[in-house]
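Inspection log for the structure reproduced underneath, given as structure tokens.
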Number of protein chains: 2
Amino acid sequence: MEESRCENCIVRQFNALRAMTKEELKAVSDSKETRTIRKGESLFEEGDKLGGVMCVRNGVSKLSKLSANGKDQIVKLATKGQVMGQRSVVAEEATNLSAVAVSDMEVCFIPKDSINSALHKNPDFTLEVLRHMAHDLREADDVIVNMSQKTVKQRMAEAFLYLQRFGVDEDGYFNLRLSREDISNVVGTATESAIRIISEFKKKGLIIASGKRLGVKDEKKLRDLAEGF
Amino acid sequence: MEESRCENCIVRQFNALRAMTKEELKAVSDSKETRTIRKGESLFEEGDKLGGVMCVRNGVSKLSKLSANGKDQIVKLATKGQVMGQRSVVAEEATNLSAVAVSDMEVCFIPKDSINSALHKNPDFTLEVLRHMAHDLREADDVIVNMSQKTVKQRMAEAFLYLQRFGVDEDGYFNLRLSREDISNVVGTATESAIRIISEFKKKGLIIASGKRLGVKDEKKLRDLAEGF
DNA sequence: GCTAAAACATGATAAAAATCAGCTGTAGTA
DNA sequence: TACTACAGCTGATTTTTATCATGTTTTAGC
């Protein structure tokens with residue numbers, strides 16, 4: 001059907017595909033493959049050689065890395081329009097991250113050949129990919145500073161503000177429902193610590209929480225807390 | 001003189017400039033400017049709009065970011081052949097990092113115009129820059145995991161192994177002499193904690209230390225410690 | 001060489017966070 | 001329905017790390 005053609009894909013406006021020529025897009029469109037992934041299923045594992053990139057059409061995936069002590073660190077969450085695996089494809093290396101769906105997902109798998117030929121021939125596209133990666137790198141630098149200079153409580157406040165960006169329902173609860181363990185893996189702390197801080201934030205009126213449903217209540221105070229005031 | 005021409009620059013083999021055409025290199029060579037920076041002097045500040053990139057010919061610079069609590073976090077050290085500021089130039093944003101020389105330095109300043117025109121015209125060059133950035137991004141991901149999952153002691157061990165990569169003298173001491181405060185800013189800890197751990201490592205025979213001169217003594221044990229054994 | 005400032009060092013204490021243990025609720029399933 | 005497994009929760013305790021205080025050593029400038 002028509003909407004499955006990349007040329008019309010609504011998601012394209014968020015990523016580097018928009019810099020492709022008609023011919024390149026056609027090649028991508030002809031070689032791509034749409035996949036449905038259930039919550040909890042894995043898209044790829046750390047160390048895999050990826051045959052292509054994945055473009056998220058719907059749902060959210062966690063990108064994480066296993067640490068020596070056996071805990072997963074969630075490096076980022078990828079949502080609609082974001083492309084996963086491009087670092088690996090571009091650098092022609094095995095991927096350094098694992099991807100697991102945290103909600104049901106629909107993704108397009110684009111074989112690396114069509115990406116690579118565009119990378120070699122179309123500077124606009126390459127530059128667009130480069131800009132996206134420059135952006136990712138900046139965000140990674142920010143995360144490094146947060147992780148090393150902020151307390152667990154501050155990082156938890158940041159995490160709530162981050163989760164809010166994935167949308168909220170009419171009651172203000174996050175669309176994205178992460179387990180306490182996943183949240184602790186975003187923040188880089190023990191699960192018990194995450195749970196305790198969630199209780200505390202709730203008691204103080206910074207957030208709303210009922211079971212797995214979580215949300216921001218007082219954004220300003222959360223932001224102040226995250227900034228260290 | 002001949003060696004100041006980019007075409008012959010020995011440093012070129014380490015960075016993306018090698019993917020430039022003869023004409024592009026000539027343009028870079030004609031517009032570039034060599035600068036000498038003394039230890040402690042600043043190359044650029046967080047928030048600056050950079051007019052170009054800097055290529056390190058000699059010496060080492062720390063790239064850091066000020067955190068909300070007033071401490072600097074050193075994100076990486078840039079040495080011979082590495083290019084600073086490309087993220088900012090590529091993304092056309094103000095830089096997110098400050099650069100300060102930690103030893104006397106010689107750098108080439110390359111105005112962004114000659115970089116940008118090559119980025120738009122030469123896909124090989126753009127792709128090479130992209131690959132370098134992909135590499136940086138991978139390293140940043142690793143740092144995130146280390147920062148959030150490892151103890152201060154493990155991170156200190158990592159820091160010693162990292163500093164070793166900048167070369168050692170005949171006695172095994174690092175070429176690069178960082179203050180205890182700089183080391184604490186690499187590791188993301190209090191200066192006193194860094195000092196204490198250095199004393200401890202020395203006592204245990206993991207490292208050698210006399211004043212500012214530091215070095216690795218037992219690489220294997222340091223590595224085991226960093227990995228959590 | 002003298003002096004002031006900065007860097008280094010160490011002890012004592014406080015705060016932050018992890019770990020351990022056990023208990024409750026809840027979702028899936030036989 | 002009842003059982004099981006797992007997520008969530010909380011208290012007690014220990015470990016880790018930061019902070020504060022203070023003394024010593026080094027370094028840079030005169």
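The values are calculated or read from the model by the stated rules, or taken from the named source; none is laboratory data. Note that this is a predicted model, so its numbers are computed, not measured. Glycine gets a Cβ as well: all are built from the backbone with ideal geometry, and neighbour counts include every protein chain shown.
Being crowded, with 22+ Cβ neighbours inside 10 Å, in a helix (DSSP H, G or I) and of a type in the set (Lys, Arg), is that true of even one residue in the stretch A:91-113? No; the residues of the stretch A:91-113 include none that is crowded, with 22+ Cβ neighbours inside 10 Å, in a helix (DSSP H, G or I) and of a type in the set (Lys, Arg). Taking the stretch A:114-126 as the range and being crowded, with 21+ Cβ neighbours inside 10 Å and at the interface with chain B (Cβ under 10 Å from one of its Cβ atoms) as the test, the residues that pass are A:118, A:119, A:123, A:125, A:126. Would you confirm, using the coordinates I've provided, whether residue B:205 is among the small types (Gly, Ala, Ser), part of a strand (DSSP E or B) and touching a helix residue (DSSP H, G or I) at 6+ places or on another chain (Cβ under 9 Å)? Judged against the criteria, residue B:205 is not a match.
Which members of the stretch B:191-204 meet the condition of being within 14 Å of chain A (Cβ to nearest Cβ) and either under 11 Å from residue B:155 (Cα atoms) or loosely packed, with under 13 Cβ neighbours inside 10 Å (or both)?
B:194
Here residue A:179 fits the description: more than 28 Å from residue B:84 (Cβ to Cβ), surrounded by fewer than 23 Cβ atoms within 10 Å (Cβ to Cβ), within 16 Å of DNA strand C (Cβ to nearest atom) and small (Gly, Ala, Ser).
From the list A:147, A:133, pick out the single residue that is within 12 Å of DNA strand C (Cβ to nearest atom) and either closer than 28 Å to residue B:90 by Cβ or not assigned by the TED database to the domain that holds residue A:16 (or both).
Being within 12 Å of DNA strand C (Cβ to nearest atom) and either closer than 28 Å to residue B:90 by Cβ or not assigned by the TED database to the domain that holds residue A:16 (or both) holds for just one of A:147, A:133, which is A:147.
Looking only at the stretch A:188-201, count how many residues are more than 18 Å from residue A:148 (Cα to Cα) and more than 8 Å from DNA strand D (Cβ to nearest atom). Going through the stretch A:188-201 one residue at a time, the tally reaches 3.
Looking at this structure, is residue B:74 of a type in the set (Val, Ile, Thr) and within 16 Å of DNA strand D (Cβ to nearest atom)? I'd like the intermediate steps shown before the answer.
Numbers: of a type in the set (Val, Ile, Thr): yes; within 16 Å of DNA strand D (Cβ to nearest atom): yes.
Yes; evaluated as a whole, the condition is true for this residue.
Residue A:114 - would you say it is among the small types (Gly, Ala, Ser), assigned by the TED database to the domain that holds residue A:11 and over 17 Å from residue A:59 (Cβ atoms)? Yes; evaluated as a whole, the condition is true for this residue. Would it be correct to say that residue A:133 is within 16 Å of the chain's Cα centre (by Cα) and at the interface with chain B (Cβ under 9 Å from one of its Cβ atoms)? It is true that residue A:133 is within 16 Å of the chain's Cα centre (by Cα) and at the interface with chain B (Cβ under 9 Å from one of its Cβ atoms).
Any residue at all in the stretch B:211-220 that is within 14 Å of DNA strand D (Cβ to nearest atom), surrounded by 15 or more Cβ atoms within 10 Å (Cβ to Cβ), more than 14 Å from chain A (Cβ to nearest Cβ) and assigned to a loop (DSSP other than H, G, I, E, B)? If you could, list the steps in order and put the result at the bottom.
Going residue by residue through the stretch B:211-220, those that are within 14 Å of DNA strand D (Cβ to nearest atom) are B:211-214.
From what's left, surrounded by 15 or more Cβ atoms within 10 Å (Cβ to Cβ): B:214.
Filter again for more than 14 Å from chain A (Cβ to nearest Cβ), leaving B:214.
Retained after the next criterion (residues that are assigned to a loop (DSSP other than H, G, I, E, B)): none.
No, the stretch B:211-220 contains no residue that is within 14 Å of DNA strand D (Cβ to nearest atom), surrounded by 15 or more Cβ atoms within 10 Å (Cβ to Cβ), more than 14 Å from chain A (Cβ to nearest Cβ) and assigned to a loop (DSSP other than H, G, I, E, B).
Quick check: anything in the stretch B:86-103 within 16 Å of DNA strand C (Cβ to nearest atom) and under 27 Å from residue A:66 (Cα atoms)? No: zero hits.
Can you pull out the residues in the stretch B:144-198 that are within 25 Å of residue A:96 (Cα to Cα) and among the β-branched types (Val, Ile, Thr)?
If we filter the stretch B:144-198 for residues that are within 25 Å of residue A:96 (Cα to Cα), which is where we start, we get B:144-166, B:186-188.
Result: B:144, B:145, B:151, B:152, B:186, B:187.
Identify the residue in the stretch A:136-187 that is small (Gly, Ala, Ser) and at the interface with chain B (Cβ under 8 Å from one of its Cβ atoms) and, among all such residues, is nearest to DNA strand D (Cβ to nearest atom). Break it down stepwise before answering.
Of the stretch A:136-187, the ones small (Gly, Ala, Ser) are A:140, A:148, A:157, A:159, A:167, A:172, A:179, A:184.
Of the ones still in play, those that are also at the interface with chain B (Cβ under 8 Å from one of its Cβ atoms) are A:140, A:148.
Values: A:140: 21, A:148: 8 Å.
Across the stretch A:136-187, the extreme among qualifying residues is A:148.
Residues in the stretch A:210-224 that are under 24 Å from the mean Cα position of the chain (by Cα) and within 13 Å of DNA strand C (Cβ to nearest atom): A:211, A:212, A:213. If you go through the stretch B:1-48 and pick out every residue that is farther than 28 Å from residue B:65 by Cβ, in a loop (DSSP other than H, G, I, E, B) and at pLDDT 90 or above, you end up with 2.
Taken together, B:176, B:130, B:161, B:119 contain a single residue that is at negative phi and without any contact (Cβ under 8 Å) to a residue 24 or more places away in the chain, which is B:130.
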